[in-house]
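Written below as structure tokens is the structure these notes are about.
The values are calculated or read from the model by the stated rules, or taken from the named source; none is laboratory data. Here the structure is a predicted model, which is why all the values come from computation and not from measurement. Don't worry about glycine lacking a Cβ; one is built from the backbone with ideal geometry, like all the others, and counts go over all protein chains shown.
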Amino acid sequence: MSTPSRPRRRHFVPFALITSAALLLTACGGSGGPAGAAAGGDAEAAADKDGIPVKDVVSSVREDPAAAGLLPPGVRSLTVAVSVSGQPPGTSYLADGKTLAGQDVDFADAVARTLGIELKHEAASFEAILPALDSGKYDFGVGNFGVTDERRRTIDFVTYVNDGQGFATRKDSKLAKVTDLKQLCGLNVATGAGTTFEATLEQNKKVCTDAGEKAYKVQTYSEQGAVWSSLQQGRSDIVMSTINGLRYAVAHQEGVKFLNEFHRLDVGFAFDKGTKLAPAFQAAVNKLIADGTYRKILGKWGTTGSGIEKSQISPPEIKD
């Protein structure tokens with residue numbers, strides 16, 4: 001958790017049915033079971049009144065001289081742009097309306113402590129972060145940024161989890177699984193603006209017209225709450241989003257169902273191309289994996305199914 005440099009209005013998520021009893025988050029497991037079971041109870045963390053986990057799994061992290069020694073000379077503090085998604089495990093505001101909490105924030109804070117540096121947090125919209133990295137406004141960004149070959153042309157990544165693309169819909173839908181985007185023909189698909197989901201959908205619209213069918217319509221929203229409202233109110237037929245986010249949202253809303261994982265992606269800290277910070281961040285993530293902090297963070301957010309064995313710098317996009 002962390003506090004942004006200046007107070008901002010809290011983003012409320014319109015999930016009327018989320019209750020304090022729903023503290024066990026569902027895993028994004030490539031092979032199956034709930035993360036809480038795999039985490040040995042770590043997912044059973046204290047939560048604020050909106051059900052956001054607040055268990056402290058970061059403050060015990062100590063500086064690692066080997067990792068810190070990889071930082072460029074003179075680096076003592078960094079500014080990170082944090083995408084506020086409005087629902088766990090992504091970043092949300094706690095009840096005070098100014099404190100940020102989420103899996104990405106915990107990982108950024110843990111890495112900073114490992115490197116012995118101060119971290120200044122700036123809340124930003126998802127679609128604004130990557131374009132702003134080359135301006136020097138931010139030193140790096142977090143927001144479940146999937147590593148794609150397209151992004152690697154202008155962005156460097158240091159991976160820390162594996163998530164990806166999936167689908168969810170209303171329980172009354174006849175859809176059971178989406179294995180081909182042609183199954184979406186004629187439907188309204190809601191997703192986040194500036195995401196890999198939007199890019200995937202826009203790039204593949206022709207699969208419908210090539211098959212002589214009506215193209216699906218891509219509906220983009222800047223906030224996850226708006227995505228789900230669109231689905232619940234019938235303006236959209238299906239949602240495409242992160243696997244972890246979908247599993248959480250479906251577990252905490254009535255009348256919706258998770259369909260399936262569609263495409264896995266590595267997720268990383270995002271930097272301007274050519275950054276000299278990457279080796280230090282990679283070493284810090286690997287240190288967290290080795291000392292057990294990494295697993296504690298995943299357990300807190302119910303995402304142990306997204307764990308990786310080691311961090312990589314800008315790996316090629318995972319191809320299914």
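Quick notes on this one:
- Selection status of LYS257, more than 26 Å from ARG152 (Cα to Cα) and either part of a helix (DSSP H, G or I) or modelled with pLDDT of 95 or more (or both): yes
- Search result, residues across region 101-123 that are more than 14 Å from the chain's Cα centre (by Cα) and hydrophobic (A, V, I, L, M, F, W, C): ALA110, VAL111, ALA112, LEU115, ILE117, LEU119, ALA123
- Any hit, region 200-212, residues being touching a residue at least 24 places away in the same chain (Cβ under 8 Å), under 23 Å from ALA81 (Cβ atoms) and crowded, with 20+ Cβ neighbours inside 10 Å: no
- Every condition in (1) modelled with pLDDT of 95 or more; (2) under 17 Å from LEU298 (Cα atoms); (3) surrounded by fewer than 17 Cβ atoms within 10 Å (Cβ to Cβ) is met by ARG153 except one, and the failing one is (2).
- Scanning region 195-249 for residues that are in a strand (DSSP E or B) and either in contact with a helix residue (DSSP H, G or I) (Cβ under 9 Å, 6 or more places away or on another chain) or modelled with pLDDT under 95 (or both) yields VAL218, GLN219, THR220, TYR221, ILE238, VAL239, MET240, SER241, THR242.
- Taking the criterion of being touching a helix residue (DSSP H, G or I) at 6+ places or on another chain (Cβ under 9 Å) and outside any strand (DSSP E or B), the residues of region 69-92 that qualify are GLY69, LEU70, LEU71, PRO72, VAL75, SER85, GLY86, GLN87, PRO88, PRO89, GLY90.
- Test set (1) among the small types (Gly, Ala, Ser); (2) surrounded by fewer than 22 Cβ atoms within 10 Å (Cβ to Cβ); (3) under 24 Å from ALA124 (Cβ atoms); (4) in contact with a helix residue (DSSP H, G or I) (Cβ under 7 Å, 6 or more places away or on another chain) - ALA66 fails condition number: (3)
- Total residues in region 217-260, condition touching a Cys at 6+ places or on another chain (Cβ under 8 Å) and either surrounded by fewer than 24 Cβ atoms within 10 Å (Cβ to Cβ) or hydrophobic (A, V, I, L, M, F, W, C) (or both): 1
- Scanning region 48-63 for residues that are surrounded by fewer than 17 Cβ atoms within 10 Å (Cβ to Cβ) and modelled with pLDDT under 90 gives ASP48, LYS49.
- Only listed residue being closer than 22 Å to TYR294 by Cα and either at pLDDT 50 or above or not in a loop (DSSP other than H, G, I, E, B) (or both), chosen from ALA95, ALA27, ALA37, ALA45: ALA37
- Region 269-320 - residue that is assigned to a helix (DSSP H, G or I) and touching a strand residue (DSSP E or B) at 6+ places or on another chain (Cβ under 7 Å) and, of those, surrounded by the most Cβ atoms within 10 Å (Cβ to Cβ): TRP301
- Matching entry among VAL218, VAL158 (being among the hydrophobic types (A, V, I, L, M, F, W, C) and not assigned by TED's automatic domain parsing to the domain that holds LEU288): VAL218
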